[in-house]
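Structure first, then comments.
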Amino acid sequence: MKKFLLFTIKTIFIIILLAVLLDYSYTSIYLKSSNRNKIEYVYNSQPQNYDVVILGSSRANNHFVSEMFEQKGLKTYNYGMSGGHLFEASLMLKLMLERNYKIKNIILETDLNLSNEHQAEGVAARYLPYFHVSETVRKHFEKESDFKELYYIPFYRYIKYETRIGFREVFFGLINKKSKLLDHGGYYSLGNKKGNMKNDISTLKPLKNKYYEEIKQLCRQHNINLIAVMTPMCENTKGMNYFDKVKKSYPEIHNYENTVIEDKYFSSCGHMNDAGARMFTAKIIEDFFNKQSNIQTSF
């Protein structure tokens, strides 16, 4: 019995030690990698100066063409993340400020993601390698239901989100393999192949979203011009009065949902193709950056 108990204790000790070592190894690689996704790109970067930063979900990532802003002399990067919510957008801005980024303008895609305050696990997981090294990340997750397990159990977060931050991503980070997510100033172009061209958002309701309020507060504190917008959807969308509800709740959000409407400009009902994105981006530039007095120049 004593031998069995001793063996069990030793086994548990070895497992814990192995978990600690693996956790340290994985985290160390993430602290040196900056070529796989936009989160590590920001976390491991030097301070940057931007005229325009774009935040939001795929409806930001696929809709704002960075090079068109650059052609106007505006240093721009699209930090929109497919599948992301305002939970992740707010944390991205916090990380930029932690890294001493200087930002003149933020364009925030603020429409469908106003309807929830949940984290998007697949995107939020990519922040978890920095749990123990960034107070900003830790505080942002503190009220999440699984915070204690993720924070205090070594290597648990890498096991739980293996497909997002596990061995494959660690290996690619180790060999410095660059992903396409960082190309084209962060803008990800969609092709002309049609996806689902029908959508129903009639059940969505905009909330008094705390993460949107966080972003507004941070912009005020750091003298950043916030341009909050709603982006286009295809003609076959049901429940388009959702955008009217958003406008009623947040009069400062600019409604561009009907700027581009023809199906030929959409890859799916909620995402424009490259031609649609360029048409939409041109409109945004015309409305907010074409007039000399409105252009926020480089530092």
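Summary of computed values
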| item | result |
| --- | --- |
| Residue within the range 65-73 that is in a loop (DSSP other than H, G, I, E, B), among the small types (Gly, Ala, Ser) and open to solvent by 10 Å² or more (accessible area, probe 1.4 Å) present | yes |
| Of all residues in the range 130-182 being assigned to a loop (DSSP other than H, G, I, E, B) and among the charged types (D, E, K, R), the one that is least open to solvent (accessible area, probe 1.4 Å) | ASP146 |
| Meets criteria (small (Gly, Ala, Ser), open to solvent by 10 Å² or more (accessible area, probe 1.4 Å), touching a residue at least 40 places away in the same chain (Cβ under 8 Å) and closer than 21 Å to VAL42 by Cβ) for GLY185 | yes |
| From TYR41, TYR26, residue being in contact with a Pro (Cβ under 8 Å, 6 or more places away or on another chain), open to solvent by 20 Å² or more (accessible area, probe 1.4 Å) and touching a residue at least 60 places away in the same chain (Cβ under 8 Å) | TYR26 |
| Filtered residue count, the range 188-238, keeping only those that are open to solvent by 70 Å² or more (accessible area, probe 1.4 Å), without any contact (Cβ under 8 Å) to a residue 40 or more places away in the chain, over 18 Å from THR259 (Cα atoms) and not basic (Lys, Arg) | 5 |
| Residue ID - farthest from ASN196 (Cα to Cα), chosen from residues in the range 225-255 that are in a loop (DSSP other than H, G, I, E, B) and among the hydroxyl-bearing types (Ser, Thr, Tyr) | TYR250 |
| Residues that are part of a loop (DSSP other than H, G, I, E, B), within 21 Å of the chain's Cα centre (by Cα) and at pLDDT below 95, drawn from the range 258-299 | CYS269, GLY270 |
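The values are calculated or read from the model by the stated rules, or taken from the named source; none is laboratory data. Computed from a prediction, not measured in an experiment: that's the story for all the values here. With ideal geometry, Cβ positions are generated from the backbone for all residues, glycine too; neighbour counts draw on all protein chains shown. What goes into the accessible areas is simple: the full protein's heavy atoms, side chains included, and nothing from ligands, DNA or RNA. Shrake-Rupley method; radii C 1.70, N 1.55, O 1.52, S 1.80 Å.
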